[in-house]
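Heads up, the thing below is written out as structure tokens.
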Amino acid sequence: MKKPIIIVLLTLIISSCTDINQMENSLKKIDSLRKENDSLKKIVADINSKFVFDSISFRDIYSPKNTYKPNSNFEVELLIVGYNLNKNYFVKFDSIVNGQKINPDTLSQSNGGFKYKTNLKEKENEIRIEMNIENEYGEKRKGTLFDIVRTKN
């Protein structure tokens, strides 16, 4: 009778040790996954606090056809170097009167650039462009680009 009781007790002790080891391994795995999750949260927070395209730049490329004469057309290509241009838009307008843009014109994208044209009517001609840059991740940027073009006589 003693032998069967000892065998049953030994079996119970061995199986409970196995359960304890499995529990410890599971707790270590959970702790490791929590640390990894916290690390990933930090990375995502860091990405969302930056521009995904940190090296973004703007460049006006004046057309060689520009004569700078009064009442002549003046062509410019606004070159945007960045990542994921799908959700970006630029709107050229002459001025704002009572909160409304005068002569708004959404610029179309071509090879990463947004071309626009304006007529040089004054000695100094102001150019305004509303900029809206959005990405799924990272900072977004909105603003107004402003330039003045002077005519030659």
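Just need a number here: residues in segment 131-153 that are basic (Lys, Arg) and either modelled with pLDDT under 75 or surrounded by 13 or more Cβ atoms within 10 Å (Cβ to Cβ) (or both). Break it down into steps so the answer makes sense when it comes.
Within segment 131-153, the first condition is being basic (Lys, Arg), and the residues that meet it are 140-142, 150, 152.
From the residues that got through so far, the ones that are either modelled with pLDDT under 75 or surrounded by 13 or more Cβ atoms within 10 Å (Cβ to Cβ) (or both) too are 141.
Matching residues across segment 131-153 total 1.
Name the strands (runs of 3 or more DSSP E) wholly within segment 20-104 that hold at least 2 residues that are at pLDDT 80 or above, open to solvent by less than 90 Å² (accessible area, probe 1.4 Å) and of a type outside the set (A, V, I, L, M, F, W, C)?
Working: elements: 57-62, 72-81, 89-93, 95-97, 100-102.
Result: 57-62, 72-81.
The values are calculated or read from the model by the stated rules, or taken from the named source; none is laboratory data. Here the structure is a predicted model, which is why all the values come from computation and not from measurement. When we count neighbours, we look across all protein chains shown, and the Cβ atoms used for this are built from the backbone with ideal geometry, even at glycine. The accessibility values were calculated without ligands, DNA or RNA, using every heavy atom of the protein model including side chains. Shrake-Rupley method; radii C 1.70, N 1.55, O 1.52, S 1.80 Å.
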